Amino acid sequence: QVQLVESGGGLVQPGGSLRLSCAASGSIFSIYVMGWYRQAPGKQRELVAFITSTGSTNYADSVKGRFTISRDNAKNTVYLQMNSLKPEDTAVYYCNADRIRTLEGRYLEVWGQGTLVTVSS
């Protein structure tokens, strides 16, 4: 089994910053891609950013220049540094790990439980 544990959400004022973390644990040999998605009330879940094991990144247009995704492959952990936060960034943020190769040779996709980010004055 593989689990993702997220941390770092909370309440922040507009213009502020937060850093989300997501650590994967379990029977892991490697993880190809790790990313963050978010879902605002009444909206569909959307991609925020992802990063591959080789460091390639991709961002939603709405967060480019404000958010930075990074990862520590040795710790199977992905981070999302969020700066210049706006009220429209308010959402539940979900960590995702895809193409996880387990020690048993299986491939999995796993989601975290979500962490709430609220941007409000």
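The values are calculated or read from the model by the stated rules, or taken from the named source; none is laboratory data. Not measured: the values here are computed from a predicted model. As a convention, Cβ positions derive from the backbone with ideal geometry for all residues, glycine included, and neighbour counts pool all protein chains shown. What goes into the accessible areas is simple: the full protein's heavy atoms, side chains included, and nothing from ligands, DNA or RNA. Shrake-Rupley method; radii C 1.70, N 1.55, O 1.52, S 1.80 Å.
Results, tabulated for the structure shown:
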item: Output for region 39-51, where each listed residue is polar (S, T, N, Q) and part of a loop (DSSP other than H, G, I, E, B); result: Gln44
item: Qualifying residue in region 83-92 (condition: part of a strand (DSSP E or B) and either touching a helix residue (DSSP H, G or I) at 6+ places or on another chain (Cβ under 6 Å) or open to solvent by 50 Å² or more (accessible area, probe 1.4 Å) (or both)); result: no
item: Residue that is open to solvent by 60 Å² or more (accessible area, probe 1.4 Å) and closer than 14 Å to Ala91 by Cβ, where the choices are Arg38, Arg45; result: Arg45
item: Arg101 being basic (Lys, Arg), farther than 25 Å from Gly16 by Cβ and open to solvent by 40 Å² or more (accessible area, probe 1.4 Å); result: yes
item: Residue match in region 30-38 (condition: outside any strand (DSSP E or B), touching a Phe, Trp or Tyr at 6+ places or on another chain (Cβ under 9 Å), modelled with pLDDT of 95 or more and not acidic (Asp, Glu)); result: no
item: Selection count, region 58-78, where residues are in a strand (DSSP E or B) and either surrounded by fewer than 13 Cβ atoms within 10 Å (Cβ to Cβ) or touching a Phe, Trp or Tyr at 6+ places or on another chain (Cβ under 9 Å) (or both); result: 9
item: Test set (1) outside any loop (DSSP other than H, G, I, E, B); (2) open to solvent by 60 Å² or more (accessible area, probe 1.4 Å) - Thr54 fails condition number; result: (1)
